[in-house]
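For reference, the structure discussed in these notes is given below.
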Amino acid sequence: MVDARYFGDGLTYLNPNDLKGKLIAIEGTDGVGRSTHIEMLQEWLEVQGYGVLTTGWTRSNLMSKTIEMAKEGNILDRWSFSLLYATDFADRLEHEIIPALRSGFIVLADRYIYTAFARDFVRSGNRQWVRDVFGFALVPDLVCYLRIDVETLVLRVIETKGMNFWESGMDLRLGGDLYDSFKKYQSLLIEEFDKMAEEFHFEVVDARKSPDEIQTELRSKIQPLLTPHLRTPELPSDRTIQPAPTS
Amino acid sequence: MIVLADRYMYTAFARDVVRGVSPEWIRKLYSFAIAPDMAFYFKVPIEVAISRLLGGTRGQLKYYEAGMDMNLNQDMTESFRIFQSNILAQYEKIVDECQLITMDATKDIEAQQNEMRRLVGEALKDYKPRRGTHGRRTVFWRRFDVPKSE
């Protein structure tokens, strides 16, 4: 990572300039197709010879089960909510993201700290604390934001997996039922993502387009980051192994 | 009600900084914590701590309290000595910064307890005790179970 840096107060024992890989975050609210596109990007990159690691929100070994359990209880308050996710992120940063970047991998992050920023802000009205907490995060080389409007998002979610308690922000009591609450909660998140898109210079991709168009657009944003030294080294032809001489 | 907390954010200020976390970061992280009305720091020299843990009912040191994750020394007692000495040094800073009341924890329990009761009694001079249940204890707050980490 060229001019790699931490978002705020970093890890005192690690100099981010030692990291050779590239960190690409894909952000966007629920139901915009992040995981589908990340899967396609991974294949596209691997076929070209790049090492790729995909890492996803809440998927750390340490925290995934605990987060599931906490969500089932439906009584997460602001601090425990944000700190559970921060712990999950810290575990993945130290055990997945940093080792992969150090070995020159391209890391595709399905959601990144901006998700935590948006969710915490919607719950607290305060931007500073959660940004301080995630100070140890690495600033990505590229953030692609899959943007959708809430009307399209509602249709898409109803047609596919339906709405759930947390995606609807039911803990916030924003509306009388799941549908109302989902719309209000997701609108607030989109509004905050839009603000961050300017502040942190996200590459905004219109998620209402067809999957093919979105994928092409994502690839064109990623292309400039790809340098030859990231690829698996190939042995020059004069160095290929010769058969052992027979005596 | 009166809340008695066995360890508070100061533990993290000391331990996590010794483990390489930024002192500024850890304070910002815990900025949501309520500052206690009183905070006591029970201070003992490192050798006393070691002899109590090794000689007491426990008879051994725990992996993390000895800082064994930090590769300070292969010998657990030596690792404990290095790690906990660093923690004691952090506490010295925290005592000033956060106005902790330092207790001489080398004294016997009764002497320490009397001193604490005197200090707490003074602090509670104008406190009006309140009870909701006339002495019957009930579960105040039941949360989901989380597997114990230690």
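Brief remarks on what is shown
- Legend: calculated FRET efficiency, B:Met1 to A:Arg5, from the Cβ-Cβ distance at R0 = 56 Å, rounded to 0.05, equals 0.75.
- Overall form of the stretch B:35-124 per C-alpha gyration tensor (a/c, 1.5; a/b vs b/c): oblate
- Neighbours of B:Val48 by Cβ distance under 13 Å: Lys/Arg scored +1, Asp/Glu scored -1, total +1.
- Taken over the C-alpha atoms, the stretch A:16-226 has Rg and Dmax values of 16.8, 51 angstrom.
- When the P(r) of the stretch A:128-204 is calculated, the portion above 20 Å amounts to 45% of the C-alpha pairs.
- Violating pairs (Cα-Cα greater than 24 angstrom) within the set A:Lys71/A:Lys221; A:Lys20/A:Lys221; A:Lys65/A:Lys161: A:Lys71/A:Lys221
- Partner lysines for A:Lys195 [C-alpha distance under 19 Å; skip if fewer than 8 residues away on the same chain]: A:Lys183, A:Lys184
- Per-residue mean of foreign Cβ neighbours for B:22-33 is 5 (Cβ atoms of other chains, 10 Å radius).
- Approximate spin-label separation B:Thr102-A:Arg173, in nm, with each point projected 7 Å along Cα-to-Cβ: 4.8 nm
- Based on Cα atoms of chain B, Rg over Rh with Rh as the Kirkwood radius reads 1.00.
- Proximal charge balance of B:Gly59 [Cβ under 15 Å; K/R count +1, D/E count -1]: +2
- Panel note: the C-alpha atoms of the protein assembly as shown, placed on their principal axes, show extents of 81, 78, 34 Å (largest first).
- In a simple Cβ point-charge model (Lys, Arg +1; Asp, Glu -1; nothing else charged), the stretch A:16-226 has a dipole of about 240 debye relative to its Cα centre.
- The distance from the alpha carbon centre of the stretch B:91-131 to that of the stretch B:1-57 is 15 Å, rounded to a whole number.
- The lysines whose alpha-carbon is closer than 23 Å to the alpha-carbon of B:Lys93, local same-chain residues fewer than 8 away aside, are B:Lys28, B:Lys43, B:Lys107.
- The calculated 222 nm mean residue ellipticity attributable to helices in the protein assembly as shown amounts to -13500 deg cm²/dmol, summing -39500 (n - 2.57) over DSSP H runs of n ≥ 4 and dividing by all residues.
- Overall form of the stretch A:1-79 per C-alpha gyration tensor (a/c, 1.5; a/b vs b/c): oblate
- Taking the Cα centre of the stretch A:1-77 as reference, the dipole from Cβ charges on Lys and Arg (+1) and Asp and Glu (-1) amounts to some 140 debye.
Every number here is computed from the coordinates shown, using simple stated rules; none is lab data. The shown structure was predicted, so the numbers you read here are calculated from the model rather than taken from an experiment. Cβ coordinates were reconstructed from backbone atoms using ideal geometry, including for glycine residues, and neighbour counts include every protein chain displayed.
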